[in-house]
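Beneath this line is the structure, given in structure tokens, with notes to follow.
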Amino acid sequence: MKKLIVCGALLAMCCTPCLLTTALADENKGPADILLQSTIDPAKKPKPSVFPHGAHQSRLECKTCHHSKSEEGKRISYVDGQKIEKCETCHNTKVADMPETLNTFKKAAHALCQDCHKKNKPELAKCSVCHK
């Protein structure tokens, strides 16, 4: 459960502020949909995905996915009003001391999304669901 929360926080933190949005759900709640695509460590064949942020935030608390980090690089839980950075800010191959399983935006997103979906809605854990 802890791993899922950490991964969720990382994914949401990366996606919210700097990615293409298709609609705003609420001025203070972020976009309804977000286009996710790595810019620092792009895949050989980039496969962007659309993340239904509004649908997730209607069921989950922000702290389920969002978090920050301390100066020492340790995870800090999300608090209301906190600035939300892109996941790629920390989850990229240029950042030292990042676990191999989370050292790219793609790995962090897959860990978060796929783990959650496998546990909660296995039919949504297929590649084609997010990568159209």
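Bear in mind these aren't lab numbers, they're just calculated from the coordinates by the rules spelled out. All of these numbers come straight from a predicted model, not from anything done at the bench. Don't worry about glycine lacking a Cβ; one is built from the backbone with ideal geometry, like all the others, and counts go over all protein chains shown.
One table, with the values for the structure above:
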{"read-out": "Stretchable slack from V50 to E100, in nm (0.36 nm times residue separation minus alpha-carbon distance)", "value": "15.5 nm"}
{"read-out": "Loop-located trypsin sites (Lys or Arg not before Pro) in region 40-106, at most 15 other Cβ atoms within 10 Å (DSSP)", "value": "K44, R59, K74, K83, K94"}
{"read-out": "Net +/- balance of residues flanking C130 in space, Cβ distance below 14 Å, scoring K and R +1, D and E -1", "value": "+3"}
{"read-out": "Computed E for E61/T93 - FRET, C-beta separation, R0 30 angstrom, nearest 0.05", "value": "0.50"}
{"read-out": "Spacing of the two label points (7 Å from each Cα toward its C-beta) at V129 and S70, in nm", "value": "3.5"}
